[in-house]
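Enquirer: Following this message is one structure expressed as structure tokens.
The values are calculated or read from the model by the stated rules, or taken from the named source; none is laboratory data. The structure presented is a predicted model; accordingly, all values stated were derived computationally and were not measured. Cβ: placed from backbone, ideal geometry, glycine included. Neighbour counts: every protein chain shown.
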């Protein structure tokens, strides 16, 4: 099968279904503090999304209970990936709990992939209508990794999209988009990396032998 490698310029031009996701960049909310300076009301802070708790942790990390946190530019340690805000899923240390955000939507019929930016992802899962969707790195940038998930089987389908972190899983996400481009399989990435390395090695060897 002929698969196309995704790159940022192509991704930016080929995104589809702008109305499919509400608040896909997490930048449409307002910080309405509740019960102290480290707690933001979820409804105002993350409009368009259902959150696992009524409050968002503001610019913080927690090691016990699962939490969804919102981060802005005032957080020097974990600044947003881009824009005003990014969301971090923190699974915590309680095996039975999880932190998640979810949204009901219809995946555009022309969509083949879900793309999103991530930083320090370690274990968060993506689900659509309860079915896990595997994702993999597409391209690495200085401050984040572009990830892609194959959603071709769900194109045109209505359901719940969920990002969830269970026990000890964590990671920051931002800028979700559906795309008509096919996400290459991880094995293709590995082969392309090996092939490129081999070409560079043999090219360098030839130069040295001259």
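Rundown of residues vs (1) at pLDDT below 95; (2) closer than 27 Å to residue 183 by Cα; (3) in contact with a helix residue (DSSP H, G or I) (Cβ under 8 Å, 6 or more places away or on another chain), yes/no style:
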position	(1), (2), (3)
5	yes, yes, yes
17	yes, yes, no
23	no, yes, no
31	no, no, yes
35	yes, no, no
48	no, yes, no
71	no, no, no
87	no, yes, no
97	yes, no, no
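Enquirer: Right, another one. Scan the range 56-66 and give yes if some residue there is within 27 Å of residue 168 (Cβ to Cβ), over 21 Å from the mean Cα position of the chain (by Cα), without any contact (Cβ under 8 Å) to a residue 24 or more places away in the chain and exposed (fewer than 15 other Cβ atoms within 10 Å of the Cβ), otherwise no.
Expert: No, every residue in the range 56-66 fails to be within 27 Å of residue 168 (Cβ to Cβ), over 21 Å from the mean Cα position of the chain (by Cα), without any contact (Cβ under 8 Å) to a residue 24 or more places away in the chain and exposed (fewer than 15 other Cβ atoms within 10 Å of the Cβ).
Enquirer: Of the conditions (1) under 14 Å from residue 172 (Cα atoms); (2) in contact (Cβ under 8 Å) with a residue 12 or more places away in the chain, residue 79 clears all except one; give me its number.
Expert: All conditions are met except number (2).
Enquirer: Can you find even one residue in the range 186-209 that is modelled with pLDDT of 95 or more, touching a strand residue (DSSP E or B) at 6+ places or on another chain (Cβ under 9 Å) and surrounded by 11 or more Cβ atoms within 10 Å (Cβ to Cβ)?
Expert: No, every residue in the range 186-209 fails to be modelled with pLDDT of 95 or more, touching a strand residue (DSSP E or B) at 6+ places or on another chain (Cβ under 9 Å) and surrounded by 11 or more Cβ atoms within 10 Å (Cβ to Cβ).
Enquirer: Hey, another quick one. Could you identify the single residue in 171, 130, 104, 118 that is touching a strand residue (DSSP E or B) at 6+ places or on another chain (Cβ under 7 Å), farther than 24 Å from residue 31 by Cβ and at pLDDT 95 or above?
Expert: On inspection, the qualifying residue turns out to be 104.
Enquirer: Further, regarding this structure: With at pLDDT below 95, buried (at least 16 other Cβ atoms within 10 Å of the Cβ) and either assigned to a strand (DSSP E or B) or touching a helix residue (DSSP H, G or I) at 6+ places or on another chain (Cβ under 8 Å) (or both) as the only criterion, which of 176, 181, 146 stands out?
Expert: One residue alone meets the criteria, 181.
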